[in-house]
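Report on one structure; see the data block that follows.
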Amino acid sequence: FIRRVGWDERLVNESYPWVEKQIIHQPKLAQWQGAFKDSLLDVGVSPYNGFTYDHIHGTKVGGTLFDRFGRRHTAAELLASANPKMLTVLVYATVQKVLFDQTGRRPMAMGVIFKDENGNQHRAFLTNNRRSEVILSCGAIGTPQMLMLSGIGPKAELDKLNISMVLRNEFVGKGMADNPMNSVFVPTNRPVEQSLIQTVGITKMGVYIESSSGFGQSQDSIRCHHGILSAEIGQLSTIPPKQRTPEAIQAFIKGKRDLPHEAFKGGFILEKIARPISTGHLNLVNTNIDDNPSVTFNYFHHPHDLQRCVDGIRMAAKVIQSKHFTNFTRCDKPTVEKLLNMSVKANINLIPKHTNDTKSLEQFCKDTVITIWHYHGGCHVGKVVDPDLKVLGTNRLRIVDGSTFNESPGTNPQGTVLMMGRYMGVKILRRRLGKAAHV
């Protein structure tokens with residue numbers, strides 16, 4: 001990945017440990033994860049690479065944001081390393097649009113309009129220092145949306161909402177992708193401890209095999225709407241825009257509430273497609289930054305992605321039937337078709353189900369796909385930004401987030417995105433102060 005995006009490998013290797021030592025921890029391997037690890041090795045996902053941050057073929061245990069006390073650490077804690085005299089953080093401030101000075105040959109970012117917690121709007125301007133700049137880091141969905149609302153994007157997209165054009169760029173919001181995920185439900189005849197993804201099998205066929213267990217959700221949690229992070233919002237991208245109706249969302253909510261208790265007693269073996277070829281696009285719904293844009297990822301549009309999903313499901317089935325896993329779950333060795341039948345109901349999304357879901361693995365993949373929230377694209381290098389992530393055709397505007405990626409790196413891209421900020425900051429500073437500068 002580092003070579004493909006053209007980053008300085010030495011600087012990357014300096015930047016990653018800075019993130020790791022502050023918020024990443026070695027997990028205490030849950031029993032479920034231990035059985036999963038042994039099963040991966042049993043079916044040939046080898047060698048065993050132990051606990052490592054390196055992304056290499058085989059089976060490994062990766063890092064976690066949860067420390068040994070079960071406390072989750074977030075990117076906000078990286079602010080503890082900042083110089084408080086040189087940093088001002090506005091809490092509950094939501095940027096509405098980027099402001100531009102258009103009197104010169106190229107539009108120049110001059111500041112932003114933001115809204116405070118009371119809904120009052122304010123303007124923040126850059127200093128006269130020519131090195132000052134606006135950096136967008138709104139994510140793969142928020143950044144293309146912000147650019148278009150600020151007047152940078154496809155002409156037709158801006159015209160339909162009467163947005164004044166600052167700069168025409170037909171590539172903004174294009175090439176959107178998500179790593180499609182499908183999972184197989186594994187029942188147990190006893191409760192298992194809760195574990196998020198700790199162990200992963202990195203296969204040579206471009207599929208990651210992962211697992212989670214013991215969801216432990218209560219009825220209150222299942223009925224709760226979790227805002228922009230809710231499954232209702234995330235699963236909208238699994239169906240075409242015209243089918244994203246209020247009725248479809250209500251049907252999804254009902255399906256979630258009707259999940260049997262057994263779905264939270266046991267776990268899931270999931271497969272995730274790395275570097276999907278299928279891509280989609282992002283479109284504005286209105287000019288309100290608080291409203292989600294319409295995103296279409298076109299999961300499995302390319303036949304190679306669909307074939308990799310089928311291969312991944314077959315690998316997951318082998319893992320489940322390994323003696324290590326059946327010994328742990330204490331369940332009879334189930335048939336693949338029985339597991340798939342259970343999994344169709346356990347994977348709640350907005351896609352209508354077919355009667356032949358379990359007769360065809362291709363149909364199973366199409367109908368049970370769910371998002372793993374590894375969105376990327378929409379502001380690609382060479383199309384929207386240059387190799388230094390400056391927005392093409394503008395001055396003093398840069399993007400530092402996953403919208404610039406052609407792929408979502410690793411088994412969990414969060415570490416790379418966090419490192420990206422450190423990497424770009426050090427790179428810019430060294431360029432200004434000289435390569436010998438120590439940061």
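The values are calculated or read from the model by the stated rules, or taken from the named source; none is laboratory data. Note that this is a predicted model, so its numbers are computed, not measured. No Cβ is skipped: glycine too gets one built from the backbone with ideal geometry, and neighbour counts run over all protein chains shown. Calculation scope for accessible area: heavy atoms of the full protein, side chains included, ligands and nucleic acids excluded. Shrake-Rupley method; radii C 1.70, N 1.55, O 1.52, S 1.80 Å.
Could you grab the relative contact order for the chain? Cα pairs under 8 Å, six or more apart, rounded to a whole percent.
21 percent
Which is farthest toward the positive dipole end of the stretch 1-87 among 50, 5, 16, measuring Cα position about the Cα centre, with Cβ charges +1 (Lys, Arg) and -1 (Asp, Glu)?
Positive-end residue among those listed: 16.
Pairing the Cα long axis of helix 414-433 with the longest principal axis of the chain, what angle in degrees results, from 0 to 90 and rounded to the nearest 10?
With both axes taken from Cα atoms, the answer is about 30 degrees.
In degrees between 0 and 90, to the nearest 10, how far off the longest principal axis of the chain does helix 9-23 point, with axes built from Cα atoms?
The helix 9-23 is inclined about 70 degrees to the chain.
Taking Rg and Dmax of the Cα atoms in Å as the quantity of interest, determine which of (i) 26.2, 84; (ii) 22.9, 73; (iii) 53.8, 171 was computed from the displayed structure.
From the options (i) 26.2, 84; (ii) 22.9, 73; (iii) 53.8, 171, the structure gives (ii).
Can you work out the FRET efficiency for the pair residue 57 and residue 121, with r the C-beta to C-beta distance and R0 = 56 Å, to the nearest 0.05?
0.65
Among 27, 180, 84, which one moves the most in a GNM of the chain with springs linking Cα atoms closer than 10 Å?
Result: 84 has the largest fluctuation of those listed.
May I ask you to order 137-145, 12-20, 361-369 by the average number of other C-beta atoms within 10 Å around their residues, highest value first?
Descending mean neighbour count gives 137-145, 361-369, 12-20.
Rounded to the nearest 5, what is the percent of antiparallel bridges among the DSSP beta bridges in the chain?
Percentage antiparallel, nearest 5: 85.
If the only charges are +1 at each Lys and Arg Cβ and -1 at each Asp and Glu Cβ, what is the size of the charge dipole of the chain around the Cα centre, to the nearest 20 debye?
In total the dipole reaches around 860 debye.
Positive end of the dipole of the chain, charges at C-beta (+1 Lys, Arg; -1 Asp, Glu), about the Cα centre: which of 164, 428, 192 has its Cα farthest in that direction?
428
Rounded to the nearest percent, how much of the accessible area of the chain (1.4 Å probe, protein heavy atoms only) is carbon and sulfur?
Its accessible area is 52 percent carbon and sulfur atoms.
Using 11 Å as the cut-off for backbone N distance, which residues of the stretch 13-27 belong to the label zone defined by a point 7 Å from the Cα of residue 81 along Cα→Cβ?
14-24
Over the chain, give the accessible area per residue in Å² for a 1.4 Å probe, as an integer.
It amounts to 51 Å² per residue over the chain.
Please compute the length gained on full extension between residue 243 and residue 28, using 0.36 nm multiplied by the number of residues separating them and subtracting their Cα-Cα distance.
My answer for the length gained is 73.1 nm.
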